[in-house]
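Presented below is the structure to which this report refers.
No lab work stands behind these numbers, since they all come straight from the coordinates. Everything numeric here is computed off the predicted structure, so don't read it as measured data. A quick note on method: Cβ atoms are made from the backbone with ideal geometry, for glycine too, and the neighbour counts reach across all protein chains shown.
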Amino acid sequence: MDEEAAPKRGKNGPKFHCLPHSTQGSARMGTRKKVHTFVRVKPTDDFAHEMIKYGDDNKSIDIHLKKDTRRGVVNNQQTDWSFKLDGVLHNASQDLVYETVAKDVVAQALDGYNGTIMCYGQTGAGKTYTMTGTTENYKHRGILPRALQQVFRMIEERPTHAITVRVSYLEIYNESLFDLLSTLPYVGPSVTPMTIVENPQGVFIKGLSVHLTSQEEDAFSLLFEGETNRIIASHTMNKNSSRSHCIFTIYVEAHSRTLSDEKYITSKINLVDLAGSERLGKSGAIIALGDQKREHIPFRQCKLTHALKDSLGGNCNMVLLTNIYGEAAQLEETLSSLRFASRMKLVTTEPAINEKYDAERMVKNLEKELALLKQELAIHDSLANRTLVNYDPMDEIQIAEINSQVRRYLEGTLDEIDIINLRQIQEVFNQFRVVLSQQEQEVESALRRKYTLIDKNDFAAISAVQKAGLVDVDGHLVGEPDGQGFGLRVTPFSAKPGKKSKSKKTFKEQLSSSARKEGASSPVSGKELDVSTSKTQLTPSSKEGDVKDMTIRERETSSLEPLPSDSPKEELRPPRPSTPPPKPVAFEDFKNERGSEINRIFKENKSILNERRKRASETTQRINTIKREMDVTKEALNFQKSLREKQGEYENKGLMIIDEEEFLLILKLKDLKKQYRTEYQDLRDLRAEIQYCQHLVDQCRHRLLTEFDIWYNESFFIPEDLQVALKPGGSIRPGMVPVSRIMSLGEDAQDKFSQLQQVVLPEGPDSVAFYNAKVKTEQKHNYLKTMMGLQQAHRK
Ligand code: ADP
Ligand code: MG
C-alpha cells in the first residue's frame, strides 16, 4: 500500500485520501509555514471530465480510474484518489496564476524573506509556459517577467529604502552547471567549472554571473538573453530541454535610507523551471523533501537541491506549482505528479528575515553621533563658562603634566588637583597608580642595596640563615659573639633585664601540661617564625599580643583537651541568629565570651614573649657596646705595649715591669671580658626562653582558634535540639565533626521521616507525632554514635 495514502471507502470501492495527517501537521507548526501547493491544468478540448474532478472549494482533486482503463496502471485495487491542495488552477490566465501563486512570495522578498517558486510536472504540461510564458506576447508572459515587474514597482513605492536588484540564470543539465547569462557568447561549460559554495550567509554558485539591474527593462533584456541562450544551447549541444532545470534568481538588498539604521536586509527569489517529472524518477532530494519520516535531506546529492539548499524548506516561502495534463491518456503521470504535490504540502518551512549589519555604515553613524555629542558638550561648556575643555584622548605631554601634578600633590606642594573632565579624572587615578608602583620599586631597591631580603615563606632560606646564626629564632638579626659587630636591629632600652616576672609564673602554670606534651625543648624550626604573610619583609614582624590580624580559617581539630573555662555558658548567650555572622565578627564575640579566658592567657603569654624578645635585644646591644669597649681597650693596650717596647723593657727578677696605665687597661679588659661572658650567657638563656615561649604562644593561638571553631559550629550550625542531647555527655565535642557531616545526618533523618509519614499517615494524623518523636530520637542516637566513633578514632 502507498505510504502517503490512506484508504477511503466510497460507493465505487476503495478511495484514498492522500493527506491523512494534515491536521496533525498544522498543529505542530507554530510560526512555521507549509509549502504552498497549486495545480495548474493545461487547457485541452479533451478534458477527462469523468476521471478528474475538482472539489467545491477548488482545493482538491479527485481522480477516478475506470476499471477497464486500469490495465496494469496500478496493481492493487485502488481506483479512487483524493488530493488536497492549496488551489486548482483550471483554465486560469497567466495573470491569475501570478496573483495566486507568486505575488505574496515576491512581496515578502522585499521584506527580507527568501522565496522559491517551482514548477513541477510532466514534459509539455506547461512548466515553461507558466514560468517564463511566451516572450512574444506580453499578455502571456509568465511568472519571471511579472516578478521582476513587481519588484521594481515595489521599489518605487519605497523611497525610504535604497534597494538593489541583481539577477542570475542558471541551468543544470546532466549534473553540469551552465550560466545562461554568461557575458561570453554561450559556448557551453566555462573553462573553470562553476561550483556550489556554502557559507553561513547561505549557498551561492561560484562562477555564476550575477547582474545588477537598475530598471525593469534591463532585467527583461537579461531574461530574454537567458531564454535565447537556453534555446540555442538545446540545439547546438543537442540537449533535450526537458531534462534541464533552470533557476532564475532575483537578489534583493534593501538598505534603509534613514542614516541611523545600519541594518539591512537581503533576500533572493528563486524561480525554478524543473526538468520533466518523468525524468526526476522516484529518488532525489526534491522527493526526499516531501518525506516526513526523513531526518536528513540529502541536498548535496544532486546539483539542483544543493544549489537551492537555502531556498528549499528551511527559512523561506516556498510554492510548488504542479502542471498537469487534463487528458485521460496522461493520467498515470498526472497521478504521480499529484502524489508528489500532496507530499510536498506536508513540508513545513520557517520563513525568517535575512537581516545583516553594514559595519562601514555603523562606524559612520557612530562617528556622526560622536561629533554631535562633542558639539553638544561644547555648548554645555560655553553655557557653564568653561572654555577650552578638550575631550579628545590625552597625548603624552598632557599625561606627563598630570603625573607631575600627582607627584606634587603627594609631596604636599600642590593643594588640590582641579577636575576638568572624566578623562582627566581617570588619568589622575591612573597616574596615582603609576607613582605608587614607582615608589614601591624605589623603596624595595633601596632596601636591596642595603640588606639581603629573605622571603618569609621560604623556610629553607630562613633555617639556613638561622643556622648561620644571622637571625635568632624570632627572626631578629644578631651578631656573632666574637664577630665584628652585633645585630642591626635596635630596640630602645626600657625594661630591665633579669628577674623572673610574676606573669611568667602564670604563663607556666597555665600551660605547663600542654607544654610538656608538645615538648618545650624540641628544636624550633623555621615554621615557628611568625610567617603569616607572604610578603618579603626586612625583619620578621613581632606581633603584638592581639589576635585580630590572625587569619581565621578552617583548621584540623586538635587533640588538645578543652581548657577548663569559667566563661559564660550557652544559656547566657543571646538567641541564635538565622544566618551565621561572618567569622571575624564572631571571633570578636568569642574572645569576649567563652574564649575570654584562653584569650587572656594567650595575650599574657604574648606579652611575656615580647618582653623576653625585648630583653634579648637589649642584651645584644649591651654585648655590642662591651665588644666595642673591648676593642678600644685592646687598641690602647697595644699602643702602651709598643710604647714600652720602644722605650726599652724593664725586668725585675724575670718579671716584666709595666706602668700603671697599662696595668689599668689590662684590668679593664679583664673586667670587660667577664662582663661579656656574663651577658653572652644571659643572651643564650634568653634565647632558649624565647624559643620556649614562642612555642607556647603558638600552641595557645592554635587552641584559641580550635575552641573558636567548636564554638562557632555549636552556636550557628548544629541544631539546638541536638545540642541539648549532647549536654549530658559533656565530653563530646560537636565541633570536632565537620559541619557537613552533621547536616547530612539531618537530611538522612528527614528523608526517613518523609518516608515514614507516607506509610503512617493512613493510620491517622495522631500517629504523626508519635513517629516524629521516634525519628528524632533515632536522629540523636545516630548522631551520638557518630560522635563517639569519631572521638575514638581521634584518640588513636
Ligand atoms: P513544459 O515546460 O512543461 O515541458 P511547456 O511550457 O513548454 O511545457 O508547454 C508545452 C506547450 O504547451 C507550449 O507550446 C506552450 O505554449 C503550451 N502551453 C502550456 N500550457 C499552456 C497554457 N496554460 N495555455 C496555453 N498554452 C500552453
Ligand atoms: Mg519546459
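Debye-formula intensities of region 87-139, expressed as log10 I(q)/I(0) at q = 0.17, 0.18 Å⁻¹, are -0.62, -0.69 (one equal scatterer per alpha-carbon, no solvent). Assuming charge only on the beta carbon of Lys and Arg (+1) and of Asp and Glu (-1), the dipole of region 579-720 about its Cα centre is about 340 debye to the nearest 20.
Which net charge results when you count Lys and Arg as +1 and Asp and Glu as -1 among the other residues whose beta-carbon is under 15 Å from that of A307?
Working: positive: K206, K268, R300, K303, K309; negative: E171, E175, D179, E198, D273, D310.
Its environment carries a net charge of -1.
Of the GluC sites (Glu not before Pro) found in region 415-468, the ones in coil according to DSSP and having at most 16 other Cβ atoms within 10 Å of their Cβ are E416.
Once you list every other residue whose beta carbon is under 12 Å from the beta carbon of Y138, what net charge do they have if Lys and Arg are +1 and Asp and Glu are -1? Mind showing how you got there, number by number?
Values: positive: K139, R141, R146; negative: D95, E136.
Spelling it out: positives minus negatives among the neighbours equals +1.
Measuring against 28 Å, Cα to Cα, the residue pairs K206/K345; K603/K673; K59/K239; K641/K673; K34/K127 contain K206/K345; K603/K673; K59/K239 as the ones spanning a longer distance. Note that region 114-128 has calculated 3J(HN,Hα) couplings of 5, x, 9, 10, 10, 9, 10, x, 4, 4, x, 7, x, 5, 5 Hz, one per residue in order, obtained from phi through the Karplus relation 6.51 cos²θ - 1.76 cosθ + 1.60 (θ = phi - 60°); glycine and proline are x.
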